[in-house]
1. If we keep just the residues of the range 205-230 that are in contact with a helix residue (DSSP H, G or I) (Cβ under 6 Å, 6 or more places away or on another chain) and part of a helix (DSSP H, G or I), which is surrounded by the fewest Cβ atoms within 10 Å (Cβ to Cβ)?
2. Filter the range 1-31 down to the residues that are in a loop (DSSP other than H, G, I, E, B) and without any contact (Cβ under 8 Å) to a residue 40 or more places away in the chain and list them by number.
3. Looking only at the range 301-315, decide whether some residue is modelled with pLDDT under 95 and under 25 Å from residue 25 (Cβ atoms).
4. In the range 110-128, is there at least one residue being in the same structural domain as residue 218 (by TED's automatic domain parsing), surrounded by fewer than 18 Cβ atoms within 10 Å (Cβ to Cβ) and in a helix (DSSP H, G or I)?
5. Where in the range 267-356 are there helices (runs of 4 or more DSSP H), lying fully within it, with 3 or more residues that are buried (at least 22 other Cβ atoms within 10 Å of the Cβ), in the same structural domain as residue 380 (by TED's automatic domain parsing) and on the phi < 0 side of the Ramachandran plot?
6. Can residue 166 be described as touching a helix residue (DSSP H, G or I) at 6+ places or on another chain (Cβ under 6 Å), assigned by TED's automatic domain parsing to the domain that holds residue 243 and on the phi < 0 side of the Ramachandran plot?
7. Sort out which residues of the range 136-168 are under 28 Å from residue 60 (Cα atoms) and part of a loop (DSSP other than H, G, I, E, B), and write them in order of number.
8. Quick one: in the range 34-49, which of the residues that are at pLDDT 95 or above and touching a helix residue (DSSP H, G or I) at 6+ places or on another chain (Cβ under 7 Å) is surrounded by the fewest Cβ atoms within 10 Å (Cβ to Cβ)?
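The values are calculated or read from the model by the stated rules, or taken from the named source; none is laboratory data. What you see is a predicted model, and the numbers here were worked out from it, not measured in a lab. FYI the Cβ positions are ideal-geometry reconstructions off the backbone, even for glycines, and counts take in every protein chain you see.
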């Protein structure tokens, strides 16, 4: 029995060594937008598109922050009122007048949701259609719960222009105030980075692509090149689907050589990082709210595959639960080889998680809780699959998206 337990622990330890050494340094938090300079050499035209469904409570802070961006170029905000019942449009109009920006805000009344579209993407599509009349160089796609740092747009534009990027996105700082938020929200970011290592996302030679929907700056030409938002109209995880479409897209780049013109095809260039200043105000005060947030799309993330789900249900306990279990068993059995190996594995995962915990300014003790946190996320993933099988998957804002091929 000791040999079997030690074998599982050595496998878990090997996986952690591989993740830390060869998986895109996913655990680091050094890919941050705030490291970008904000001095602009040119001022492209930017239009922001904000889908809003019953967001009147948050708009006084979030919409105000967007209208008060210190971007010196042409900037307009298109808020799409997605059939709200809480006077979202009236609140938005009042906020624009209060900050002296009534001409900068354009409110669009959302049309009925057509078959096959997700609600958010249909709202974004309508916003982009209206904003296109201004011939913008870039679209800023953002959510109605995001409070933008005053220099956020300048940094996004600077990043895009400086590195010739088609898409720049930041995972904004999620709210992390209640106990459950401190326990589970940093881990949400940690697991996202493990799925999509930011360094690999930002490498044009690596096929991995991802974005964070709270703040995406996309070049108009890139959006047109992929065929517009309608190419991902069914996507529940729309931000990553958009990033993947942009990165896969091919564009022709002129290169002069010996006075001849050559067209060199290249992939779309994207960048994803963290933001310490732009933040989401969406509260997750209870386990139930976080559980629903994760369960809404976890099975979608697994491509609705029972085999991948089975692998997840086996792999997560192996990677995260084996080390602490071996520490306990090793002490009880007085087998110090098992106990020491288990402790080493536990310390490695704590080391990997600590930068995220520090980024969110949480106690170091939460880093030691990663095995229990991972167990909760495994249960959420299982529940996500069960909800999908029961026809209750993808519920959001009063809508339920049950069929990945007919959203």
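1. 226
2. Restricting attention to the range 1-31, the residues satisfying the condition of being in a loop (DSSP other than H, G, I, E, B) are 1, 23-31.
Scanning the range 1-31 gives 1, 30.
3. So far as the range 301-315 goes, yes, one or more of its residues are modelled with pLDDT under 95 and under 25 Å from residue 25 (Cβ atoms).
4. no
5. Details: elements: 287-295, 298-301, 306-316, 322-333.
Because the criterion is at least 3 residues that are buried (at least 22 other Cβ atoms within 10 Å of the Cβ), in the same structural domain as residue 380 (by TED's automatic domain parsing) and on the phi < 0 side of the Ramachandran plot, the helices (runs of 4 or more DSSP H) in the range 267-356 that meet it are 322-333.
6. Yes: the conditions hold for residue 166.
7. 136, 137, 143, 144, 145, 148, 149, 150, 151 - these are the residues of the range 136-168 that are under 28 Å from residue 60 (Cα atoms) and part of a loop (DSSP other than H, G, I, E, B).
8. The initial filter retains those residues of the range 34-49 that are at pLDDT 95 or above, namely 43-49.
From what is left, the residues that are touching a helix residue (DSSP H, G or I) at 6+ places or on another chain (Cβ under 7 Å) are 44-49.
Values: 44: 17, 45: 15, 46: 25, 47: 25, 48: 28, 49: 28.
Filtering first and then ranking leaves 45.
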